[in-house]
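Novice: After the structure tokens below, expect a handful of questions from me.
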Amino acid sequence: QAVTVEVLDRLEQLALVDFRDAEGVERLREAIRFADQLREVDTEGVEPMDSVLEDRCLYLREDDVTEGNCTNELLKNAREKVEEYFVAPPGNIPLPKLEERETFLKGS
């Protein structure tokens, strides 16, 4: 399956991964080749599952708080914070211009 500029754009938006260089695109191609092996598996007559553990009972532990009240200590690790919240980097990564991407894809 061809890796087009449109596919890269969509994947970058969904995964927040930058495929700007040849190594990133080749890694994506390898992942696609690996996943394509799943098409060879005969699933005829196999019912879809909700979970790989659907035939087992999941045991949940009690949610007992044993430690806590350490907000100030945890927030000391934050590079940036607003009030009592960590500030995450923006969701969008800077994307190269379309012309740069087409040139890059042709070279990889």
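Novice: Is there a residue being in a helix (DSSP H, G or I) and open to solvent by less than 100 Å² (accessible area, probe 1.4 Å) anywhere in segment 45-61?
Specialist: No, because not a single residue in segment 45-61 is in a helix (DSSP H, G or I) and open to solvent by less than 100 Å² (accessible area, probe 1.4 Å).
Novice: Would you check which residues across segment 26-39 are under 29 Å from residue 88 (Cα atoms) and open to solvent by less than 60 Å² (accessible area, probe 1.4 Å) and list them?
Specialist: Residues satisfying the conditions are 28, 31.
Novice: Considering only residues that are assigned to a helix (DSSP H, G or I), in contact (Cβ under 8 Å) with a residue 60 or more places away in the chain and over 24 Å from residue 88 (Cα atoms), which ones fall in segment 7-25?
Specialist: Hits for segment 7-25 are 22, 25.
Novice: So in segment 79-93, with the set limited to residues that are open to solvent by 100 Å² or more (accessible area, probe 1.4 Å) and assigned to a loop (DSSP other than H, G, I, E, B), which one is modelled with the lowest pLDDT?
Specialist: It comes out as 92.
Novice: Only residues in segment 26-44 that are touching a residue at least 12 places away in the same chain (Cβ under 8 Å) count as the first member; pair them with residues that are open to solvent by 70 Å² or more (accessible area, probe 1.4 Å) and part of a loop (DSSP other than H, G, I, E, B), Cβ under 9 angstrom, at least 6 apart or cross-chain, and list the lot.
Specialist: Final answer for the pair search is 29/1; 32/1; 36/1.
Quick grid of which residues meet (1) among the polar types (S, T, N, Q); (2) loosely packed, with under 10 Cβ neighbours inside 10 Å; (3) under 30 Å from residue 6 (Cα atoms):
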| site | (1), (2), (3) |
| --- | --- |
| 17 | no, no, yes |
| 22 | no, no, yes |
| 41 | no, yes, yes |
| 74 | no, no, no |
| 77 | yes, yes, no |
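The values are calculated or read from the model by the stated rules, or taken from the named source; none is laboratory data. For clarity, every value in this text was computed on a predicted model and none was experimentally measured. Reconstructed Cβ throughout: ideal geometry from the backbone, glycine too, with neighbour counts over all protein chains shown. Keep in mind that these areas ignore ligands, DNA and RNA; they rest on the heavy atoms of the full protein, side chains included. Shrake-Rupley method; radii C 1.70, N 1.55, O 1.52, S 1.80 Å.
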